[in-house]
Amino acid sequence: MCMKKEGYTARKTFVFPLLFTSLILLFSGCINGGNQSSAEQWQAWVTKLTGNGYTVTNGSAFLVDSAGCTNFINVFGTCWGNNPAAPYIVPLPPVDNSYINPIYGTPFNTITTNGNTVNLFYRLADTDALVTVVSLPPRAAYMGYQSYIFTRETSSYPFPALPANATPDPARVQIFGSVGNNINSASLASQNSMNWGNGAAVFITTPNQTLASALITNAIQSGMNSNNIFVEPLGSQLVTGRDALADDFISLIRYALPENTTAADAWRSAVAQNVRVYRVSLPTIAAQPYPQPAYTTRQSLDESGYQPALNELSTLLSNWLATQQLQAVTITDMIPSVQVDPAGNLQGLVGSLCLTNGTSCLGDNQDTDSYRFGVIGLLAGNKTSIIAGVNHTVTNAATYISLAINDQTTVKGVASLSQTNPGAAGFSSGSLTGSAATALTDLGLINSASPNLIANLPNLYVAFVSRNCTPGQTYCAQVNTADVPLLNPISIIQRAYLKPGSTAGANPNLLLTPKIIQ
């Protein structure tokens, strides 16, 4: 029976370890069985590594809320389209003796209570690992861990940085591209480690296969449950080291759409206690780099059959909006950030491609189908924009979807509408399911809908974006002037996270793109 444990399959697919490591982990599944090691036990394990020749230094973590976005905007001029539905938790590794860029990195230096200097931008030598122990939060639609190469030396590329990927330091170009697949709540579930509100997940980010194997072996020998461990490999395409010429990285933990917001807020308010961060080094270990990682293949159901209904819905809403605003109305498709080419390869905002091309990936995620970008522009007075799309949580192409409304000037998320897939998330939350039928009824358009549209309304959604939402209109996202000044344009991003049955997003070519009506 041990040979069939899902933990072995998940590690082969998502963690890319050595064969030796995989065999150790398979064996450990038989040894360690079902008991989950607690976060406190994992923290004690990390601390005891110092008795085995390791150097362990404590870091910290912080939550990127509105104030956190302000810090990024002050330095970089952008918050990179943060998702208001999923405030980011950022590990702060200890700096130790590694280089921190004095222009954009030093402003983020923080001193912890134990006197260590920490920073969200970090470098790793071949003998280093970033070990993050997460006390699992209350149940939510999604949790994910992802590291990114943040910047690289501009001299690595035969062209100057473009405005979109320039940094405050002209010697560094912004990549902000994923180092590989996300490790997410579906990954944890596949290793029997997803225990919302209890237990722990241990993420090991390292460029050294031998170091990862040594840490896992030590954990097993210490009686820890190796099913809690997830290795995020930094592949051979990255420049490791602690000096100024090395790539620097940033890691993000996303935690979205909790079932109980009160419990989730309490967990977030103690993020420095619930997310423990360590730099673990073994100076004597030999370097053995990981190969360049491959991203998980995308699969999905084909949504093209909903296109006629989506077109008709958009036309009805367009005609209604034109009579309300007494001006011409346009219908435009949002733009996907990722496509799959005929050979099955991902194209667009994919970390490996941005690294190769020296362009910015804007914090890409491989467990979304794609980021779908759209521009609303200025939104003043009683003007309303409408988004019409397919509800991917109903078609079972996503675990949750969100529409994030941004101040385009700073690319800061200020409002959102979301929806969970109750079959995948385990609970229903959000205002998009049923919104298409509700909107047509509210607007007096339901009798104008064809039988085909009526039949497909449960598969579609409607969202209004306005500075003056009608009270009780749950499918309207309110944009306050305090968040987005009247002279600042507005943009929107749709995210569709985690195709059920996979640890990746759905095939973006097969999912219909939302339409903006304005």
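Can you tell me the relative contact order of region 328-421? Whole percent, Cα pairs under 8 Å, sequence separation 6 or more.
Dividing the mean separation by the residue count of region 328-421 yields 19 percent.
Kindly state, to the nearest 0.05, the FRET efficiency for Gln478 paired with Thr330, given R0 = 25 Å and r defined as their beta-carbon distance. Mind dumping the intermediate values first?
Numbers: r = 23 Å, r/R0 = 0.91.
That gives a FRET efficiency of 0.65.
Taking the Cα centre of region 25-281 as origin, sum charge times position over the Cβ atoms of Lys and Arg (+1) and Asp and Glu (-1), and report the length of that vector in debye to the nearest 20.
Once rounded to the nearest 20, the dipole reads 220 debye.
Taking the Cα centre of region 404-518 as origin, work out the dipole magnitude from +1 charges on Lys and Arg Cβ and -1 charges on Asp and Glu Cβ, in debye rounded to 20. Walk me through the intermediate numbers first.
Details: 5 positive and 3 negative charges, 40 e Å.
The dipole magnitude comes to about 200 debye.
Name the residue from Thr117, Phe203, Ser156 whose Cα lies farthest towards the positive end of the charge dipole of the chain, charges +1 on Cβ of Lys and Arg and -1 on Cβ of Asp and Glu.
About the Cα centre, the residue reaching furthest to the positive side is Phe203.
How much of the DSSP beta bridge set in region 304-517 is antiparallel, as a percent to the nearest 5?
Working: 42 of 45 bridges.
Rounded to the nearest five, the antiparallel share is 95 percent.
Please name whichever of Tyr371, Val90, Cys361 sits farthest to the positive end of the charge dipole of the chain, dipole taken about the Cα centre and charges placed at Cβ: Lys and Arg +1, Asp and Glu -1.
The listed residue farthest towards the positive side: Val90.
Where nothing but the Cβ of Lys and Arg (+1) and of Asp and Glu (-1) is charged, how large is the charge dipole of the chain around its Cα centre, in debye to the nearest 20?
Dipole about the Cα centre, nearest 20: 460 debye.
What does the helix-only formula give at 222 nm for the chain: each DSSP H stretch with n ≥ 4 adding -39500 (n - 2.57), the total divided by the residues, and the result rounded to the nearest 500 deg cm²/dmol?
Details: 13 runs with 120 residues, N = 518.
Here the helix-only value at 222 nm equals -6500 deg cm²/dmol.
Report the one residue of Met194, Leu63, Asn165 whose Cα lies farthest in the direction of the positive end of the charge dipole of region 25-281 (charges on C-beta: Lys and Arg +1, Asp and Glu -1; origin at the Cα centre).
Checked the options; the winner is Met194.
Take the alpha-carbon centre of region 433-498, take the same for region 32-84, and report the distance between them in whole Å.
Using only Cα atoms to place each centre, the spacing works out to 36 Å.
Sequence gap of 8 or more, or different chains, plus Cα separation below 26 Å: how many lysine pairs satisfy both in the chain? Write down the numbers at each step before the final one.
Details: Lys4/Lys12; Lys4/Lys499; Lys5/Lys499; Lys12/Lys499; Lys383/Lys412; Lys383/Lys515; Lys412/Lys515; Lys499/Lys515.
Number of lysine pairs found: 8.
What is the log10 of I(q)/I(0) for the chain, computed with the Debye formula using one identical point scatterer on each Cα and no solvent, at q = 0.10 Å⁻¹?
-0.78
Once the Cβ-Cβ distance between Asp341 and Ser222 is put in as r, and R0 is 60 Å, what FRET efficiency do you end up with, to the nearest 0.05?
0.85
Since every read-out is calculated from the coordinates, none of them should be taken as a lab result. Note that the structure is predicted; figures quoted are calculated from it, not measured. Backbone-built Cβ (ideal geometry, glycine too); neighbour counts: all protein chains shown.
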